[in-house]
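These notes are about the structure you will find just below.
No value in this document is a laboratory result; all are computed from the given coordinates. Note that the structure is predicted; figures quoted are calculated from it, not measured. Ideal geometry is used to build each Cβ from the backbone, glycine not excepted, and the neighbour counts take in all protein chains shown.
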Amino acid sequence: MVDLLYYSIKVLLTAGLIVLVGEIIKRGNMFGGALLVSLPLTSLLVMVWLYLETGDTLRIAALSTGIFWLILPSLALFLLLPVLIKAGWGFWLSLLAAVLATILCYIVMLAILKQFEVKI
């Protein structure tokens with residue numbers, strides 16, 4: 001019963017943050033929405049949940065390092081998507097192209113990290 005309550009709280013808090021950001025943006029506050037989305041709220045929540053469940057600080061440190069390296073290729077999406085939309089590609093095609101480019105950037109980043117023997 002306690003596990004179900006704890007799991008429910010985790011789901012509600014995590015989903016609630018996503019819904020909150022969506023509502024802020026729908027109401028026209030782009031800065032507030034962008035600020036909240038740019039914060040590593042999901043990462044912070046995962047680290048808190050992981051710590052509460054395992055107490056394993058080394059695992060959290062490794063997760064934080066992995067997040068750092070994988071944020072870099074994810075930036076391709078945020079750079080490419082507005083460029084393609086403004087170029088007239090339309091939302092869905094722009095999104096698809098930006099996602100595919102981001103996947104390619106992840107592959108390149110993982111290859112670079114492997115060359116430097118960085119493990120995620």
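A compact table of results
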| quantity | calculated |
| --- | --- |
| Potential lengthening between Q115 and S64 on full extension [0.36 nm per residue; Cα-Cα distance subtracted] | 16.3 nm |
| Potential lengthening between I71 and V19 on full extension [0.36 nm per residue; Cα-Cα distance subtracted] | 16.5 nm |
| Whole-number Å³ per residue for the convex hull built on Cα positions in the chain | 134 Å³ |
| Which of V37, V48, A15, positive extreme of dipole for the chain (C-beta unit charges) | V37 |
| Percent RCO, i.e. relative contact order, over the chain, from Cα pairs under 8 Å lying at least 6 residues apart | 19 percent |
| Cα gyration tensor shape for segment 57-120, rounded if a/c is under 1.5, else prolate or oblate | prolate |
| Per-residue [θ]222 nm for the chain (sum of -39500 (n - 2.57) over DSSP H runs n ≥ 4, rounded to 500) | -29500 deg cm²/dmol |
| Net dipole in debye of segment 19-120 [+1 Lys, Arg Cβ; -1 Asp, Glu Cβ; about Cα centre; nearest 20] | 260 debye |
| Highest-MSF residue in the chain out of L20, L70, L45 [GNM, Cα springs under 10 Å] | L20 |
| Sparse-neighbourhood loop sites, trypsin sites (Lys or Arg not before Pro) in segment 35-120 - DSSP loop, at most 14 other Cβ within 10 angstrom | K119 |
| Approximate spin-label separation L96-L52, in nm, with each point projected 7 Å along Cα-to-Cβ | 4.1 nm |
| Label point distance in nm, Y6-K26, each placed 7 Å from Cα along Cα→Cβ | 3.3 nm |
